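K.L.:
Let me give you the structure first, and then I'll get to my questions.
The values are calculated or read from the model by the stated rules, or taken from the named source; none is laboratory data. Everything quoted here is computed from the prediction, not taken from an experiment. Note that we place each Cβ from the backbone using ideal geometry, even for glycine, and neighbour counts take in every protein chain shown.
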Amino acid sequence: MDIRFYNTLHRSKEPFQTRDPGRVGMYVCGPTVYDDAHIGHARAYVAFDVLARFLRFAGFEVTYVRNYTDIDDKVIHRAREAGTTHGELAQRYIDRYREDMERLRVLEPDVTPRVTDHLTEIVAMVQALVERGHGYVLDDGVYFSIRSYNGYGRLSGRKLDEMMVGARVEVDDQKHDPLDFALWKLAKPDEPSWPSPWGPGRPGWHIECSAMSLKYLGPGFDIHGGGMDLIFPHHENEIAQSVCATGREFVRTWMHNGFVNVNKEKMSKSLGNFFTIRQAAELVDAEAIRLFLLGTHYRGPVQFDVELSPEGGLVGFPGLVEAERRLAYGYETVRRLARTEAQLAAKHAPGAAPEALLGAAATFDEALRSALADDLNHAEALGHLATLQRTANDFLDRAKEHPPAARLAAVRRLREALATAAGVLGVFERDADGALGGIGACGLRRVGVPVAELDDAIRRRTEARRTKDFAAADRIRAELLERGIELMDAPGGTEWRVVKG
RNA sequence: GGCGCCGUAGCCAAGUGGUAAGGCAGAGGUCUGCAAAACCUCCAUCAGGGGUUCGAUCCCCCUCGGCGCCUCCA
């Protein structure tokens, strides 16, 4: 398969070539665990989850490493505020983060290293840098000298002398260069610390990702990813340290996801305009968040619109509700196919599926593959998926036109194509009944209608219809619609769905 | 001051040097007690101007309008 990815380092799409044939090592910068993950985190980890899934689908043996930064200034401060230790605080947020990822159907990476478990590697790396003349010791820590690495600035595309250094950063005149950064921070009183040749302290930001990625993947590994905001200085610094410490190439392909925007502005902690995954998952089925995020190519900005009340309170997320509707559509399609297959399989053996349908399925398989192979275009892939779903429903609507044996084969082929897409994209993978139940429950919670009340209304309306009292039946339906619930009379009984955001 | 991104239908959003996927909303149908669901049909010339080209939405330049990074951030 001809796979191309956009490499931030070269600012262009290029053919993907691995260091070792058939194998991919990828490292993604994970969260600093001092707070709940927000939609921006969700975006990054969903995108790289699809990347890992796709690479496996393409036949590679993938080693996916995603770290937890469990010690840094923010962790220390937050733990202090909360009256706990950094270790307990970090563990709490790692647990919560794991729950969030599970709800987003982000698969657990192969290795999830924590900084505090890798002090040995980190200290050794700092030591190597000092020995090679790239690090120097000041009274509060060890620093990396960016002027000692002539490739500095290559990733972020900037020249050292053109940056407005000092405009926003307080210049520490002890440092040899304002852009020099800490490799090791000596501990102040009451700060957690680990022993080192320079005294007790903790790792600076950046060094942990270099040390851990190199430990698990080795120099010159294939893909390093993260949000675009990490390009500078984090990834730039990682490259500098790693190349200087090992004397070898660090990473082949750098991939960065775009931001999540709220009202056109970047969602960020400092602006305070962020929403956590948990907040969103209270209002919609969490898989809808994933589907929503996958609707935009991973490098572009995602418009995450928020509906606010006149007083400024959170009302809802229209985009997520729309995505949830598509989610329900997808699962309903899967369920129709499954039920039809079960009915047919009980009485018939599969025959030859109609040519047109086989063609549509084959076209889809190829379109899915080539969309993802072209810089992981999951947004395009979802477009193809929508087309296949429509094809499936159309086929089911007109199924009687074909003999049962052909129908059975066709339904199986459709299910196979949909399952492949589900596995690669990580959507529509759940049991359809369970997923639809969950989506319905979310909707009822949103509109504030108890299930018992809904069931009762449906019962009363069914009775009214039985006695042909259509006026009464229509009244009940209108009342429910007013409250955001739409009824649908299906052959097997009355079904419902929530139509209000 | 430097570097960079974006502007595609009411909204969200792919994409390509040869006349623009998909979704939501909307209109008209099939179906239905009526509806809904599902399906069918319809619905854009790609911010503006100039240039290159046989031909540009896609390449170049300019203008306007958004935004990002250069500080912690996915």
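K.L.:
Where residues in segment A:215-229 are near RNA strand B (Cβ under 8 Å from one of its atoms) and in contact with a strand residue (DSSP E or B) (Cβ under 7 Å, 6 or more places away or on another chain), which of them is farthest from A:VAL115 (Cα to Cα)? Steps first, answer last, please.
P.N.:
Of all residues in segment A:215-229, those near RNA strand B (Cβ under 8 Å from one of its atoms) come to A:225-229.
Checking the rest, the ones that are also in contact with a strand residue (DSSP E or B) (Cβ under 7 Å, 6 or more places away or on another chain) come to A:225-228.
Details: A:GLY225: 18, A:GLY226: 17, A:GLY227: 19, A:MET228: 22 Å.
Among those that are near RNA strand B (Cβ under 8 Å from one of its atoms) and in contact with a strand residue (DSSP E or B) (Cβ under 7 Å, 6 or more places away or on another chain), it is A:MET228.
K.L.:
Checking A:VAL171 against (1) in contact with a Pro (Cβ under 6 Å, 6 or more places away or on another chain); (2) part of a loop (DSSP other than H, G, I, E, B); (3) modelled with pLDDT of 95 or more, which test does it fail?
P.N.:
Every condition holds for A:VAL171 apart from (3).
K.L.:
Another question, if that's okay. Outside the structural domain of A:ALA381 (by TED's automatic domain parsing), within 9 Å of RNA strand B (Cβ to nearest atom), among the acidic types (Asp, Glu) and out of contact with any helix residue (DSSP H, G or I) (no Cβ under 7 Å at 6 or more places or on another chain), is that true of A:ASP489? Walk me through how you get there before you give the answer.
P.N.:
Working: outside the structural domain of A:ALA381 (by TED's automatic domain parsing): yes; within 9 Å of RNA strand B (Cβ to nearest atom): yes; among the acidic types (Asp, Glu): yes; out of contact with any helix residue (DSSP H, G or I) (no Cβ under 7 Å at 6 or more places or on another chain): yes.
Yes: the conditions hold for A:ASP489.
K.L.:
Scan segment A:4-34 for residues that are at pLDDT 95 or above and of a type in the set (A, V, I, L, M) and jot them down.
P.N.:
Hits for segment A:4-34 are A:VAL24, A:MET26, A:VAL28, A:VAL33.
K.L.:
Follow-up. In segment A:290-333, what residues are of a type in the set (Asp, Glu), within 18 Å of A:LEU425 (Cβ to Cβ) and more than 9 Å from RNA strand B (Cβ to nearest atom)?
P.N.:
Residue satisfying the conditions is A:GLU324 alone.
K.L.:
Restricting to helices (runs of 4 or more DSSP H) lying wholly in segment A:273-363: which have 2 or more residues that are surrounded by fewer than 19 Cβ atoms within 10 Å (Cβ to Cβ) and in contact (Cβ under 8 Å) with a residue 12 or more places away in the chain?
P.N.:
Working: elements: A:277-283, A:286-294, A:318-347.
The helices (runs of 4 or more DSSP H) meeting that bar are A:277-283, A:318-347.
K.L.:
Suppose we filter A:THR387, A:THR462, A:THR494, A:THR467 for residues that are of a type in the set (S, T, N, Q), closer than 30 Å to A:PRO350 by Cα and without any contact (Cβ under 8 Å) to a residue 60 or more places away in the chain; which single one remains? Working first, answer last.
P.N.:
Working: A:THR462 fails: closer than 30 Å to A:PRO350 by Cα; A:THR494 fails: closer than 30 Å to A:PRO350 by Cα; A:THR467 fails: closer than 30 Å to A:PRO350 by Cα.
Result: A:THR387 is the single residue among A:THR387, A:THR462, A:THR494, A:THR467 that is of a type in the set (S, T, N, Q), closer than 30 Å to A:PRO350 by Cα and without any contact (Cβ under 8 Å) to a residue 60 or more places away in the chain.
K.L.:
Another question, if that's okay. Before we move on, is A:MET164 touching a Gly at 6+ places or on another chain (Cβ under 9 Å), within 14 Å of RNA strand B (Cβ to nearest atom) and at pLDDT below 95? Walk me through it before giving the result.
P.N.:
Values: touching a Gly at 6+ places or on another chain (Cβ under 9 Å): no; within 14 Å of RNA strand B (Cβ to nearest atom): yes; at pLDDT below 95: yes.
So A:MET164 fails the test.
K.L.:
Determine which member of the set A:ALA90, A:ALA82, A:ALA124, A:ALA58 is within 15 Å of RNA strand B (Cβ to nearest atom) and either closer than 27 Å to A:SER242 by Cβ or not acidic (Asp, Glu) (or both).
P.N.:
Working: A:ALA82 fails: within 15 Å of RNA strand B (Cβ to nearest atom); A:ALA124 fails: within 15 Å of RNA strand B (Cβ to nearest atom); A:ALA58 fails: within 15 Å of RNA strand B (Cβ to nearest atom).
Only one candidate passes the filter, namely A:ALA90.
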